[in-house]
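What follows is calculated from the coordinates using simple rules that are stated; it is not laboratory data. What you are looking at is a predicted structure, and each value in this text was computed from that prediction instead of being measured. FYI the Cβ positions are ideal-geometry reconstructions off the backbone, even for glycines, and counts take in every protein chain you see.
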Amino acid sequence: GGYFLPRLSGKIGYYLALTGFRLKGRDVLKAGIATHFVESEKLPALEKDLIALKSPSTENIADLLNSYHMK
């Protein structure tokens, strides 16, 4: 945390470090820590689709994550 928190945009990293507040779900995405957000009820289907990938390349995984990503 000492490395990445001060590097977050705005002052969110300092806020998290000083208060101990925990981000969850969409907040992690909005803070710039996560790249994708998938609703919890869709996680089993995402896991199944990730395992079923014939050739798991970076592009294939990114496309699959984008299809599940909630905006």
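Okay, here's what the table says:
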quantity	calculated
Those GluC sites (Glu not before Pro) in segment 3-50 that DSSP places in a loop and that have at most 12 other beta carbons within 10 Å	Glu39
Additional length obtainable on full extension of the chain from Lys42 to Val28, 0.36 nm per residue less Cα span	3.3 nm
The chain - charge dipole about Cα centre, Lys and Arg +1 at Cβ, Asp and Glu -1, debye rounded to 20	340
Long-range lysine pairs (8 or more apart or interchain), the chain, Cα under 18 Å	6
Separation of the Arg7 and Asp49 label points, Cα + 7 Å toward Cβ, nm	3.0
Dimensions (Å) - the chain, Cα atoms, principal axes, largest first	44, 24, 19
Charge-dipole axis of the chain as Lys and Arg at +1 and Asp and Glu at -1 on Cβ define it, positive-most pick from Ala17, Leu43, His69	Ala17
Sum of side-chain charges, Lys42 neighbourhood, beta-carbon under 11 Å (Lys, Arg +1; Asp, Glu -1)	-3
Net charge contributed by nearby residues that have their C-beta within less than 13 Å of Leu5 (K/R +1, D/E -1)	+3
